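J.: Next up is a structure, given as structure tokens.
The values are calculated or read from the model by the stated rules, or taken from the named source; none is laboratory data. Since the model is a prediction, treat every value here as computed from it, not as a measurement. Cβ placement follows ideal geometry from the backbone for every residue including glycine, while neighbour counts extend to all protein chains displayed. Just so you know, the surface numbers come from the protein's heavy atoms only, side chains and all, with ligands and any DNA or RNA stripped out. Shrake-Rupley method; radii C 1.70, N 1.55, O 1.52, S 1.80 Å.
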Amino acid sequence: MKLIDGKKIASEILDSLTHKIEQFPRKIGLAFLLVGENQASLAYVRMKKKACSRIGIQSIVKEYPADTSQEELLKEISQLNLDPQIDGILVQLPLPAHFDTLRVTRSIAPEKDVDGFHPINMGKLLLGEADGFLPCTPHGIQQLLAHTLPIEGKHVVIVGRSNIVGKPLAVLLSQKKKGANATVTLAHSQSKNLSEITQTADILIAAIGQPRFIKKEMVRPGCVVIDVGINRVQNEEKLVGDVDFDAVAPIASWITPVPGGVGPMTIAMLMQNTLESATRRG
Ligand code: NDP
């Protein structure tokens, strides 16, 4: 078994972005909007902000109490949409229950939607158009795979079909493009005989949100395993992935750790999208 070192690959990407940002003729700005005090969201924004300062992107974090109205948030977004110093806008999800998340996502100008969640950017991904923004976690996973092995013609099984990970990832890896061209199976909670499906994978990607869900028996020896999951488990200090790492790692050919696998790549792709936005906007 070999470890796919997402932290190292992400760090190399950040270094190459730093060089480009130093040469960029103006400051690049990224705005984070954070509603409520979800501890995981606070931690994610902190990590993203740290990456910004490492590579020279100016970040602002706008924090709102959990009872903020949707109108207030939409008003803030429309101001940021018009602000020439802001190249990217990121609303940290999940939002409190009284928000219509899709409506909020849609209110971000597509050309500043560095998370890639706006329907226009999702549509461009589906059509294979290159001038949108790719969602950061799927793009980060594709980059991890590209660093590890050729995926053309491989059978990729993705477990999880969310709009932010599984579904766009299935589209991305099955594109008729270099670095893609995989045969993709998208499994979910209604899939029958899940174990039989996962055992057919050359590359197995777990994006489920259930700690240690993927057991050794579900994995074909020699499989490449990508663990997207980030789970907090009671009485355990460390974060836990969706894969039973200790049991699966010995039979996998490659595997990502949690933490230090997909997570850092998500942040690196966010930084890349922000530079891309600034470059397009001039
Ligand atoms: P969601 O909860 O939105 O989606 C989970 C998916 O898993 C759903 O499609 C669901 O199926 C499927 N699923 C749930 N239980 C089962 C089961 N028993 N068998 C088969 N499929 C099942 O999660 P996200 O996609 O947002 O996140 C998934 C994980 O990835 C989480 O741990 C999250 O924290 C992590 N994550 C990590 C990121 C990173 O940067 N590393 C970024 C984003 C997320 P159904 O659709 O039928 O309900």
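J.: If I take every Cα pair under 8 Å that is 6 or more residues apart in the chain, average their sequence separation and divide by the length, what percent do I get for the relative contact order? Walk me through the intermediate numbers first.
T.: Numbers: 555 pairs, mean separation 59.7, N = 282.
For the chain, the relative contact order is 21 percent.
J.: So, in Å, what gap is there between the alpha-carbon centers of segment 113-168 and segment 54-91?
T.: What the calculation gives is 24 Å, centre to centre.
J.: Could you grab the relative contact order for segment 59-135? Cα pairs under 8 Å, six or more apart, rounded to a whole percent.
T.: On the way: 70 pairs, mean separation 18.7, N = 77.
After rounding, I find 24 percent.
J.: Amide H to amide H, which residues 5 or more places from I205 or on other chains are under 5 Å from it, using H placed in the peptide plane?
T.: Close amide H contacts, sequence-distant or interchain: V157, I158, V159, I226.
J.: Through the Karplus equation 6.51 cos²θ - 1.76 cosθ + 1.60, θ set to phi - 60°, convert the phi angles of segment 213-228 into ³J(HN,Hα) values in whole Hz; use x for Gly and Pro.
T.: Working through the residues one at a time gives 5, 7, 8, 3, 5, 8, 10, 6, x, x, 5, 8, 10, 10, 9, 8 Hz.
J.: Whole-Hz ³J(HN,Hα) for each residue in segment 262-279, computed from phi via Karplus 6.51 cos²θ - 1.76 cosθ + 1.60 with θ = phi - 60°, x for glycine and proline: what do you get?
T.: The phi angles translate into 6, x, x, 5, 4, 5, 4, 5, 5, 5, 5, 4, 5, 5, 4, 4, 4, 5 Hz.
J.: Let me ask you something else. Show me, for segment 84-101, the HN-Hα J-couplings you get by feeding each phi into the Karplus relation (A = 6.51, B = -1.76, C = 1.60, θ = phi - 60°), rounded to Hz, glycine and proline as x.
T.: Going residue by residue, I get x, 7, 9, 9, x, 10, 10, 9, 6, 9, x, 8, x, 4, 7, 8, 8, 4 Hz, with x marking Gly and Pro.
J.: Could you sort out which of K112/K177; K27/K62; K75/K177; K7/K177 sit more than 29 Å apart by Cα distance in this structure? Show your work: numbers first, answer last.
T.: Values: K112/K177 25 Å; K27/K62 19 Å; K75/K177 39 Å; K7/K177 26 Å.
As for pairs spanning more than 29 Å Cα to Cα, those are K75/K177.
J.: Still on this structure, I have one more. Taking the Cβ of I267 as the center, what net charge do the other residues with Cβ under 14 Å away carry, scoring Lys and Arg +1 and Asp and Glu -1? Could the numbers behind the result be given before it?
T.: Working: positive: K7, K8, R46, K48, K49, K50, R54; negative: E12, D15, D115.
With Lys, Arg at +1 and Asp, Glu at -1, the net is +4.
J.: At 1.4 Å probe size, with every protein chain present, just tell me what the per residue accessible area of segment 136-263 comes to in Å².
T.: Here the per-residue accessible area is 47 Å².
J.: How large, in percent, is the carbon and sulfur part of the accessible surface of the chain at a probe radius of 1.4 Å? Could the numbers behind the result be given before it?
T.: Working: 7310 of 13710 Å².
Of all accessible area on the chain, carbon and sulfur atoms account for 53 percent.
J.: Once the Cα atoms of helix 39-55 and of the chain are each reduced to a long axis, what angle between those two axes, in degrees from 0 to 90 to the nearest 10, is obtained?
T.: The helix 39-55 is inclined about 70 degrees to the chain.
J.: Where does the longest stretch of the chain lie that holds no trypsin sites (Lys or Arg not before Pro) found in a DSSP loop with 13 or fewer other Cβ atoms within 10 Å?
T.: Numbers: sites that count: R26, K27, K176, K177, K178, K192, K215, R232, K238.
Within the chain, the longest run free of exposed trypsin sites (Lys or Arg not before Pro) spans 28-175.
J.: Calculate the all-directions average of the projected area of the chain's alpha-carbon convex hull, and give it in nm².
T.: Computing the convex hull of the Cα atoms and averaging its projections yields 14.5 nm².
J.: Suppose we take every Cα in segment 30-124 and form the convex hull; what volume per residue is that in Å³? Can you show the working numbers first?
T.: On the way: hull volume 8.6 nm³, N = 95.
Cα-based convex hull of segment 30-124, divided per residue, equals 91 Å³.
J.: Charges only on Cβ, +1 for Lys and Arg, -1 for Asp and Glu: so what's the dipole of segment 26-109 about the Cα centre, in debye to the nearest 20?
T.: Values: 11 positive and 9 negative charges, 113 e Å.
Once rounded to the nearest 20, the dipole reads 540 debye.
J.: Can I ask one more? Pick out which of L82, L95, L144 has the largest mean-square fluctuation in a Gaussian network model of the chain, springs linking Cα atoms closer than 10 Å.
T.: L82
J.: Equivalent ellipsoid semi-axes for segment 136-263, as square roots of 5 times the alpha carbon gyration tensor eigenvalues: give them largest first, rounded to whole Å. It would help to have the intermediate numbers written out before the result.
T.: On the way: eigenvalues 89, 48, 42 Å².
Values for segment 136-263, descending: 21, 15, 15 Å.
J.: Continuing with the same structure: What percent does the relative contact order of segment 1-145 come to when contacts are Cα pairs within less than 8 Å and at least six residues apart?
T.: On the way: 172 pairs, mean separation 32.2, N = 145.
Relative contact order here is 22 percent.
J.: Would you mind checking which residues have amide H under 5 Å from V61's amide H? H placed 1.01 Å from N; only 5 or more apart, or other chain.
T.: Answer set, sorted by chain and number: F32.
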